[in-house]
Amino acid sequence: MLSLAAKTSGSLRSFLPLWKRTMVNRALNKSVPPPTEFIVSPTDFLKKIGREMDSKMTFAPETWDDFWRLSGLEMRKAGMTVKDRRYTLWCMSKYRQGVPIEEFAHETKPKKTVRGWGPSVQNGKRIRSKIPKHLRGKSKTA
């Protein structure tokens, strides 16, 4: 029965939806938060979230509405790094939810001084297990 319907319509694709990711700017569907007394322009917002985003995002639109309609793809085409894009979009979503900037804006984590973690490396020193007396003088090839 299905094959008859497929033959009449031309292809089976007309029955099944296309399950692929679309390149749609979902930021257009989201609400634009109103500016506050301390944050009036996009540059004010970028200064408040830190990480020198105001200097990294030189292509930011001047109007408030255009800034909130930016998508990650547009930021990518402008040359922003992945970490900066993700942080900016995350901060924008938190601000849309009404969370104060002081609660979510933070600086990047500093680099680790000691690589690795766990019992083998503690306080920058390698901890070696004690070799039992009966194995000290023996070689592995013997």
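No lab work stands behind these numbers, since they all come straight from the coordinates. Bear in mind that the values here come from a model prediction, so they are computed numbers and not experimental data. Every residue, glycine as well, gets a Cβ built from its backbone with ideal geometry; the counts of neighbours run over all protein chains shown.
A few notes on this one:
- Taking other C-beta atoms within 10 Å as the exposure proxy, His134, His106 rank His134, His106 from fewest upward.
- Translational diffusion of the stretch 35-102 was estimated from the Stokes-Einstein equation, with Rh taken as the Kirkwood radius over Cα pairs; at 4 °C and 1.567 mPa s the coefficient is 107 µm²/s.
- Loop-located chymotrypsin sites (Phe, Trp or Tyr not before Pro) in the stretch 37-68 (DSSP state other than H, G, I, E, B) with a sparse environment of at most 14 neighbouring Cβ atoms within 10 Å: Phe38, Phe59.
- Percentage relative contact order, the stretch 35-102, counting C-alpha pairs under 8 Å, at least six apart: 27 percent
- Residue separation of Glu62 and Leu89 scaled by 0.36 nm, minus their Cα-Cα distance, works out to 8.0 nm of gained length.
- The GluC sites (Glu not before Pro) of the stretch 51-99 that DSSP puts in a loop, and whose beta carbon has at most 12 other beta carbons within 10 Å, are Glu52, Glu62.
- Here the spin labels are modelled as points 7 Å beyond Cα on the Cα-Cβ line, and at Thr36 and Lys48 they lie 0.4 nm apart.
- Taken one residue at a time, the phi angles of the stretch 66-81 give Karplus couplings (6.51, -1.76, 1.60, θ = phi - 60°) of 5, 5, 7, 8, 5, 10, x, 5, 5, 5, 5, 5, 7, x, 6, 6 Hz. Gly and Pro are set to x.
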